[in-house]
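K.L.:
Below is a structure I'd like to ask you about.
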Amino acid sequence: MSSARQILKGAMKLVSRRCAERRFLLRPDAYTTQVFLYCLAYAATEFNILIHALVALDNHYHLVLTDVDGVLPKFMERFDGLLARALNAHRGRWESFFAPGSYSAVDLDTPEDCLSKVVYVLTNPVKALLVDRSRRWTGATSARWRFGETRTFTRPDGAFFGPTSKLPAEVSLTLAPLPGFDDLTPKQLDDLVRERVIA
């Protein structure tokens with residue numbers, strides 16, 4: 001039995017989750033990307049989670065986030081549940097979508113820790129030899145977002161999101177600036193992250 005997680009209000013985390021058997025269930029086609037971003041925006045809004053960086057590779061995803069209200073388990077249950085059910089329904093699957101066990105949540109104790117993990121997340125497709133530049137990854141990623149920028153995502157069509165769905169037609173997500181860098185403008189923070197990514 002694993003140890004209980006420490007859940008604190010305002011905690012910064014690097015959250016990761018792998019697909020079952022490392023299968024390519026998050027491969028970056030247009031529908032998968034739309035579903036991932038819609039479900040993330042919906043769950044983050046519902047549970048007041050600030051998203052600082054995100055990437056979905058073929059068989060796992062990473063998020064850098066701040067858990068404002070100390071509700072990370074509820075957010076993860078909602079996000080993972082919606083994502084798994086929607087993509088399983090789309091592909092006619094019935095088996096587990098995610099690997100057994102829970103998600104990984106690494107504490108980020110300082111602003112520098114948070115910055116370092118944002119760079120890690122954005123460069124993950126490059127490290128995996130999938131692209132030569134992070135901005136060229138075609139799946140879900142915040143590599144082409146600016147801090148403070150809000151994007152709106154339309155509810156996908158498909159088996160899970162049928163005409164009787166009670167989920168909203170649109171949801172929005174703002175890429176939240178990193179905590180502890182209040183002396184920088186969003187553009188300066190974008191430039192700092194870009195410099196670290198290039199390095």
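The values are calculated or read from the model by the stated rules, or taken from the named source; none is laboratory data. Model, not experiment: these values are computed from the prediction. So basically every Cβ, Gly included, is an ideal-geometry build from the backbone, and we count neighbours across all protein chains shown. With ligands, DNA and RNA removed, areas are computed over all heavy atoms of the protein, side chains included. Shrake-Rupley method; radii C 1.70, N 1.55, O 1.52, S 1.80 Å.
K.L.:
Which members of the range 32-48 meet the condition of being without any contact (Cβ under 8 Å) to a residue 60 or more places away in the chain and open to solvent by 10 Å² or more (accessible area, probe 1.4 Å)?
P.N.:
Glu46, Phe47, Asn48
K.L.:
Any residue that is within 18 Å of Val193 (Cβ to Cβ), among the small types (Gly, Ala, Ser) and outside any loop (DSSP other than H, G, I, E, B) - is there at least one of those in the range 111-118?
P.N.:
For the range 111-118, residues within 18 Å of Val193 (Cβ to Cβ), among the small types (Gly, Ala, Ser) and outside any loop (DSSP other than H, G, I, E, B): present.
K.L.:
Taking the options Val193, Val121, Val106, Val126, name whichever one is part of a strand (DSSP E or B), of a type in the set (A, V, I, L, M, F, W, C) and either farther than 13 Å from Val64 by Cα or open to solvent by less than 80 Å² (accessible area, probe 1.4 Å) (or both).
P.N.:
Going through Val193, Val121, Val106, Val126 in turn, the sole match is Val106.
K.L.:
A follow-up question, please. Spot the failing condition for Ser134; the list is (1) of a type in the set (S, T, N, Q); (2) buried (at least 22 other Cβ atoms within 10 Å of the Cβ); (3) on the phi > 0 side of the Ramachandran plot, and only one is missed.
P.N.:
Here Ser134 clears every test but (3).
K.L.:
When you go through Asp67, Asp113 one by one, which is the residue that is open to solvent by less than 10 Å² (accessible area, probe 1.4 Å) and of a type in the set (D, E, K, R)?
P.N.:
One residue alone meets the criteria, Asp67.
K.L.:
Given the structure, is Leu87 modelled with pLDDT of 95 or more, closer than 27 Å to Gln188 by Cα and surrounded by 14 or more Cβ atoms within 10 Å (Cβ to Cβ)?
P.N.:
Spelling it out, it is not the case that Leu87 is modelled with pLDDT of 95 or more, closer than 27 Å to Gln188 by Cα and surrounded by 14 or more Cβ atoms within 10 Å (Cβ to Cβ).
K.L.:
So which of Gly158, Gly139, Gly162, Gly148 is among the small types (Gly, Ala, Ser), out of contact with any Cys (no Cβ under 9 Å at 6 or more places or on another chain), exposed (fewer than 12 other Cβ atoms within 10 Å of the Cβ) and assigned to a loop (DSSP other than H, G, I, E, B)?
P.N.:
Gly162
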